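A quick write-up on the structure given underneath.
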Amino acid sequence: MKILIVDDSSTMRRIIGNVVMQLGYKKDQFDEAEDGVKAWKLLNESKYDIILTDWNMPNMNGLELVKNIRKEGGHIKTPIIMITTEGGKTEVITALKAGVNNYIVKPFNATILKEKLDGVLK
Ligand SMILES: [Mg+2]
């Protein structure tokens, strides 16, 4: 099981990583990227089982990343959870239409992330 965590905030990547470890995953089971461009590069180099991505990021944002993932490459069907401050109904619908499997609005806790992970990994 390998997880990709994408967020331009290093603090947020650390928080998400800590929660993922609280859920029993080891540090070598996740990689981090600070924007969509870096994430896209990693996705083309390795195979991930789940992608957790922010929306607002420089260079390539989370929505563009999701669209690229769903269009081509080895992760067309890989579960994607968007973790973002963009909690409006329009944003959620836009993200789901782009191919996001689940959605978490910041701030969140370990219980919420566990529920969403379990949900998409089923
Ligand atoms: Mg951000």
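Nothing in this text is a laboratory measurement; each read-out follows from the coordinates by a stated rule. Source: prediction; values computed, not measured. Backbone-built Cβ (ideal geometry, glycine too); neighbour counts: all protein chains shown.
Points worth noting:
- Contact order, relative form, for the chain: 24 percent (alpha carbon pairs under 8 Å, 6 or more residues apart, mean separation divided by residue count).
- Among the listed pairs LYS41/LYS77; LYS47/LYS89; LYS41/LYS106; LYS2/LYS106; LYS41/LYS114, a Cα-Cα separation exceeding 29 Å is found for LYS47/LYS89.
- The GluC sites (Glu not before Pro) found in the range 48-122 that occupy coil by DSSP, while having at most 11 further C-beta atoms within 10 Å, are GLU72.
- Here the extension length gained between ASP49 and GLN29 equals 6.2 nm, from 0.36 nm per residue of separation less the Cα-Cα distance.
- Estimated from the Cβ-Cβ distance and a Förster radius of 35 angstrom, the FRET efficiency linking GLU72 and MET1 is about 0.90.
- Amide proton proximity set for ILE104, modelled H, under 5 Å, gap of 5+: MET82, ILE83, THR84
- Within the chain, all pairs of alpha-carbon atoms sorted by distance into 10 Å bins from zero give the percentages 14, 53, 32, 1.
- Residue of ASN101, ASN44, ASN56 that the Gaussian network model of the chain assigns the largest fluctuation, springs spanning Cα pairs under 10 Å: ASN44
- Label positions at SER10 and THR94, each projected 7 Å from the Cα along the C-beta direction, are separated by 2.9 nm.
- Charge tally in the Cβ shell below 15 Å around ALA39, where Lys, Arg are +1 and Asp, Glu are -1, ALA39 excluded: -3
- Mean separation of Cα pairs under 8 Å and 6 or more residues apart, divided by the residue count, gives the range 44-84 a relative contact order of 56 percent.
- All aspartates and glutamates inside 19 Å of LYS97 as judged from Cα atoms, apart from same-chain residues fewer than 8 positions distant: ASP54, GLU64, GLU72, GLU86
- When +1 charges are put on Lys and Arg Cβ atoms and -1 charges on Asp and Glu Cβ atoms, the dipole computed for the range 3-116 relative to its Cα centre reaches about 300 debye.
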